[in-house]
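K.L.:
One structure is given below, represented as structure tokens, and several questions about it will come after.
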Amino acid sequence: MFTRAFSVRTAHLLCIGMTATVVPLALAPSASAKTHTVACSQTALRTAITQANSTPGTDTLKLTARCTYALTSELPSITSPIVINGNHATLTRTAGSFRILTVNGGNLTLRKTTITNGNAAGSAILSSDGGGILVTGNGTLTVDCSVIRDNTAAFGGGIGVSSGSQAHVSESVVRDNSSTQNGGGLVNNGTLTVRSSQISRNTAGGAGGGVASVGTLTITTSNLVDNTAQTGGGIANGVPTLPGGTATVSLSNISQNQAANNNPGGIYNNNGTVTLQSTVVAGNTPNNCSTSPSPVPGCVG
């Protein structure tokens, strides 16, 4: 049985292991790909993203180690392949109302970065979704060894994934985000995978305190704990107004999540498919899955 800290310890060890053991392959670099060292200022970061968007190939932005990039307006949308090596830097909103990062048809890999205090309400693109990060326009997001925290939106307080887009979250923490409607931590209308990560203390005014999904959702070796929603404190596969998609959860722990009234605190399933594999769903309030409108096979109580 998993303890509540199991997946977080695993994630941290994997991140450390990756840092210690990954060796660059001896491949010829693309003539158009560049590495940009980004000074510790929001102006430098904006300039680097704009330059990277304008060139073919995958550009890498190397942020200043442990810098706090204090943002007073929204960063340029990611429209090309970009890797951000954060070096434990923080991207945070300090004025106004906007999300931190928008992937609009591009392909972003985000490593060792904290995304915090985003608010989608004032953003130029799809201002209802993705308080910290939005993936739209058939874009792709990969989040590795990072923290997404204290962001807010109507849907997907931490991360929002639009239809046709995809996101992959590994060895990361998604915590203390909030949505006024669905998906306190993450909302998924496309394809979302979560591996060796912690989704905790997120809050939704509607369904899915941790995750709300109507697309394809895969979660493995992860903890979903202490999330809160009206229904589906941990996971909502579907919401009361829309049927769910396909959710597969393996080797994970869904516990200590809360829902209101007699709604399921663990997993809510509305006419979707939920498959649990070696996963613990226990200790959720007021019940784990028993009052879900559609059964959750393997979930008791």
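K.L.:
Going residue by residue through the stretch 87-99, is there one that turns out to be in contact with an Asp or Glu (Cβ under 7 Å, 6 or more places away or on another chain), surrounded by fewer than 19 Cβ atoms within 10 Å (Cβ to Cβ) and hydrophobic (A, V, I, L, M, F, W, C)?
P.N.:
No, because not a single residue in the stretch 87-99 is in contact with an Asp or Glu (Cβ under 7 Å, 6 or more places away or on another chain), surrounded by fewer than 19 Cβ atoms within 10 Å (Cβ to Cβ) and hydrophobic (A, V, I, L, M, F, W, C).
Let's see how each residue does on (1) within 27 Å of Gln51 (Cα to Cα); (2) hydroxyl-bearing (Ser, Thr, Tyr):
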{"residue": "Thr109", "(1), (2)": "yes, yes"}
{"residue": "Thr136", "(1), (2)": "yes, yes"}
{"residue": "Asp150", "(1), (2)": "no, no"}
{"residue": "Ala167", "(1), (2)": "yes, no"}
{"residue": "Glu171", "(1), (2)": "no, no"}
{"residue": "Val174", "(1), (2)": "no, no"}
{"residue": "Asn177", "(1), (2)": "no, no"}
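K.L.:
Here are some conditions: (1) out of contact with any Asp or Glu (no Cβ under 8 Å at 6 or more places or on another chain); (2) small (Gly, Ala, Ser); (3) on the phi < 0 side of the Ramachandran plot; (4) surrounded by 22 or more Cβ atoms within 10 Å (Cβ to Cβ). Gly183 meets all but one. Which one does it not meet?
P.N.:
(3)
K.L.:
Being in contact with a strand residue (DSSP E or B) (Cβ under 6 Å, 6 or more places away or on another chain), surrounded by fewer than 24 Cβ atoms within 10 Å (Cβ to Cβ) and assigned to a loop (DSSP other than H, G, I, E, B) is true for just one of Ser290, Ser294. Which residue is that?
P.N.:
One residue alone meets the criteria, Ser294.
K.L.:
Then there's this: Output the number of the condition that Val239 fails; it satisfies all remaining conditions of (1) in contact with a Pro (Cβ under 9 Å, 6 or more places away or on another chain); (2) aliphatic (A, V, I, L, M); (3) in contact (Cβ under 8 Å) with a residue 40 or more places away in the chain.
P.N.:
If we test Val239 against (1) in contact with a Pro (Cβ under 9 Å, 6 or more places away or on another chain); (2) aliphatic (A, V, I, L, M); (3) in contact (Cβ under 8 Å) with a residue 40 or more places away in the chain, just (1) comes out false.
K.L.:
On to the next question. So, in the stretch 278-287, how many residues would count as being closer than 15 Å to Asn223 by Cβ and outside any strand (DSSP E or B)?
P.N.:
Count: 4.
K.L.:
Output the residues belonging to the stretch 240-258 that are more than 18 Å from the chain's Cα centre (by Cα), closer than 15 Å to Gly190 by Cα and part of a strand (DSSP E or B).
P.N.:
Of everything in the stretch 240-258, those that are more than 18 Å from the chain's Cα centre (by Cα), closer than 15 Å to Gly190 by Cα and part of a strand (DSSP E or B) turn out to be Leu242, Pro243.
K.L.:
Same structure, new question: Within the stretch 105-114, which residues are of a type in the set (Val, Ile, Thr) and more than 17 Å from Ala65 (Cβ to Cβ)?
P.N.:
Passing the criteria: only Thr109.
K.L.:
Another question, if that's okay. With respect to Leu61, is the statement that it is in contact with a helix residue (DSSP H, G or I) (Cβ under 6 Å, 6 or more places away or on another chain), at pLDDT 95 or above and surrounded by 12 or more Cβ atoms within 10 Å (Cβ to Cβ) true?
P.N.:
Yes, satisfied.
Listed here are the residues, each with its yes/no results for (1) outside any strand (DSSP E or B); (2) out of contact with any Leu (no Cβ under 9 Å at 6 or more places or on another chain).
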{"site": "Thr47", "(1), (2)": "yes, yes"}
{"site": "Val83", "(1), (2)": "no, no"}
{"site": "Asn87", "(1), (2)": "no, no"}
{"site": "Arg99", "(1), (2)": "yes, no"}
{"site": "Thr102", "(1), (2)": "no, no"}
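K.L.:
So, in the stretch 152-170, how many residues would count as being within 11 Å of the chain's Cα centre (by Cα) and buried (at least 23 other Cβ atoms within 10 Å of the Cβ)?
P.N.:
Within the stretch 152-170, residues that are within 11 Å of the chain's Cα centre (by Cα) and buried (at least 23 other Cβ atoms within 10 Å of the Cβ) number 8.
K.L.:
Right, here's the next one. With Asn223, Asn237, Asn202 as the choices, which residue is crowded, with 22+ Cβ neighbours inside 10 Å and under 13 Å from the mean Cα position of the chain (by Cα)?
P.N.:
Checking each option against the conditions leaves just Asn202.
The values are calculated or read from the model by the stated rules, or taken from the named source; none is laboratory data. Quick caveat: nothing in here was measured; it's all calculated off a predicted structure. Quick reminder, even Gly has a Cβ in these numbers, built from the backbone with ideal geometry, and neighbours come from all protein chains shown.
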